[in-house]
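The values are calculated or read from the model by the stated rules, or taken from the named source; none is laboratory data. Worth saying up front: this structure is predicted, and the values here are computed from it rather than measured. Positions of Cβ are backbone-derived with ideal geometry, glycine not excepted, and every protein chain shown enters the neighbour counts.
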Amino acid sequence: MKFAIITHVPHIIEQDQYFAYAPYVDEMNIWSKIVSELVIVAPINEAQLTPIDRSYTHSKIKFIAINTFDILSLEGLLRSVIKIPKISWYIYKAMQHADHIHLRCPGNIGLLACLVQIAFPSKPKTAKYAGNWDPKSTQPWTYKLQQWILSNTFLTRNTQVLVYGEWEGSSKNIKPFFTATYAEADKKLINKRNLNQTIEFVFVGTLVGGKNPLYAIQIIEKLIEKGYNVTLTLCGDGLERAKLELYCDEKNLRSNIICKGNQNKEIIQKVFEKSHFVILPSKSEGWPKAIAEGMFWGCVPIATKVSCVPYMLDNGNRGVLLDVDLENDVLQIESVLNNQSLYDGMQRSGAEWSRKYTTEVFELEIKKLLQ
């Protein structure tokens, strides 16, 4: 089977290998186990490799490089008018020669792919919508347009659209799905974490406004003011790192808050294994892997009520759902910090839930999609 992936994820080429953001590549390596040839239509990134990049493992890969574009500014829109026809042609040719078409959405490239796939109604297709599918959420109009095209069974035929969460009123081609990081072999006994010692929080994600790492820091700051012995480890990098470090300096938080930058999967796992809580006050998510991964290793999750997060946290029974109201959220967290049995129950039920979603289960579900 010739399997064509159309994605906005930037790729780095080094020594005839193709690298990209590790969680995405890890997932695509599972998909590619079942196919004979992989065709990747994606932008090229000239940056250096980082600890969060991974290479594809497939032995037969054809890479088709395309430009990126944006339509958020007048200049970007004018440049896009020139770029889009060529990008669309490359996408069309890849789809034409593929046995199975796989779209990665949302994104500008995903939007073009949604439009081009209309020309191939009889070809089997899957579309992975990795963002927030909630129809009531506030999102860019380009995301809403992709959702509308993918949900329209006249325009999008012979396609299974994989989304996070179950949403009322979804069309028949919408399939609730999940993602996975760890295998059955990774499961091991979870250490009991006492709350009468230093309480460790971890944030894993890009340091950008959308992930709201500043709010995580402010929660820790408030807990310190109230006399709690707490620390926060930030694993990730991004545009807001300097601003966050400056904030910590100004508030004298450097002894409690550590910014480790980008880290590989193995180091992240070790941080999870010793942390009490994983925190992600994100403004928008699909299936937040940091939350699922933290739960796998015994962290109690603290996250905002976006996308399928309330389902993941069983509406607050497996963790704390944030309202993004600092006083109220800190009170919620305190109720767990002051109750060891409540914490233990959340940790246990969270780990049991997360450990159902192994890479083996994920691979079985992928095989069903491609058969």
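Listed by first and then second residue, the pairs with beta-carbon distance under 7 Å, at least 6 apart or on different chains, first residue in segment 122-136 and closer than 19 Å to GLY169 by Cα, second among the acidic types (Asp, Glu), are ASN132/GLU285. When we screen THR198, THR153, THR126 for residues that are crowded, with 16+ Cβ neighbours inside 10 Å and hydroxyl-bearing (Ser, Thr, Tyr), the only hit is THR126.
VAL208: within 24 Å of GLY345 (Cβ to Cβ) and surrounded by 15 or more Cβ atoms within 10 Å (Cβ to Cβ), yes or no? Spelling it out, it is not the case that VAL208 is within 24 Å of GLY345 (Cβ to Cβ) and surrounded by 15 or more Cβ atoms within 10 Å (Cβ to Cβ). Set side by side, the residues PRO135, PRO140, PRO121 differ, and just one is farther than 20 Å from VAL35 by Cβ, in the same structural domain as ILE71 (by TED's automatic domain parsing) and in contact with a helix residue (DSSP H, G or I) (Cβ under 8 Å, 6 or more places away or on another chain), which is PRO135. Would you mention how many residues in segment 16-39 are part of a strand (DSSP E or B) and touching a Ser or Thr at 6+ places or on another chain (Cβ under 7 Å)? The total comes to 4. Pairs are defined by a Cβ separation below 7 Å, a sequence spacing of at least 6 or placement on different chains, a first member in segment 246-273 that is surrounded by 16 or more Cβ atoms within 10 Å (Cβ to Cβ), and a second member that is among the basic types (Lys, Arg); the pairs so defined are CYS248/ARG254; CYS259/ARG241. Looking only at segment 160-195, count how many residues are basic (Lys, Arg) and under 19 Å from the mean Cα position of the chain (by Cα). Selection size over segment 160-195: 1. For segment 333-353, the set of residues classified as crowded, with 16+ Cβ neighbours inside 10 Å and within 27 Å of LEU214 (Cβ to Cβ) consists of ILE333, VAL336, LEU337, TYR343, MET346, GLN347, GLY350, listed by residue number.
When you check SER73 against the structure, is it more than 29 Å from GLU14 (Cβ to Cβ), of a type in the set (Gly, Ala, Ser) and modelled with pLDDT of 95 or more, yes or no? Considered against the rule, which asks whether it is more than 29 Å from GLU14 (Cβ to Cβ), of a type in the set (Gly, Ala, Ser) and modelled with pLDDT of 95 or more, SER73 comes out as no. Of the strands (runs of 3 or more DSSP E) lying entirely inside segment 53-121, those carrying at least 1 residues that are basic (Lys, Arg) and buried (at least 18 other Cβ atoms within 10 Å of the Cβ) are 53-55, 100-105.
Taken over segment 86-120, the residue count meeting the criterion of being more than 27 Å from the chain's Cα centre (by Cα) and polar (S, T, N, Q) is 1.
Determine whether LYS172 is in a loop (DSSP other than H, G, I, E, B), farther than 25 Å from ILE71 by Cα and assigned by TED's automatic domain parsing to the domain that holds ILE101. It is true that LYS172 is in a loop (DSSP other than H, G, I, E, B), farther than 25 Å from ILE71 by Cα and assigned by TED's automatic domain parsing to the domain that holds ILE101. In segment 274-281, the condition of being crowded, with 20+ Cβ neighbours inside 10 Å and out of contact with any Phe, Trp or Tyr (no Cβ under 8 Å at 6 or more places or on another chain) is met by no residue.
Taken over segment 216-250, the criterion of being within 20 Å of TRP287 (Cα to Cα) and in a helix (DSSP H, G or I) is satisfied by ALA216 alone. From the list LEU103, LEU150, the lone residue that is touching a residue at least 60 places away in the same chain (Cβ under 8 Å) and touching a Cys at 6+ places or on another chain (Cβ under 7 Å) is LEU103. Scanning segment 172-195 for residues that are surrounded by 12 or more Cβ atoms within 10 Å (Cβ to Cβ) and within 26 Å of PRO121 (Cβ to Cβ) yields ASN173, ILE174, LYS175, PRO176, PHE177.
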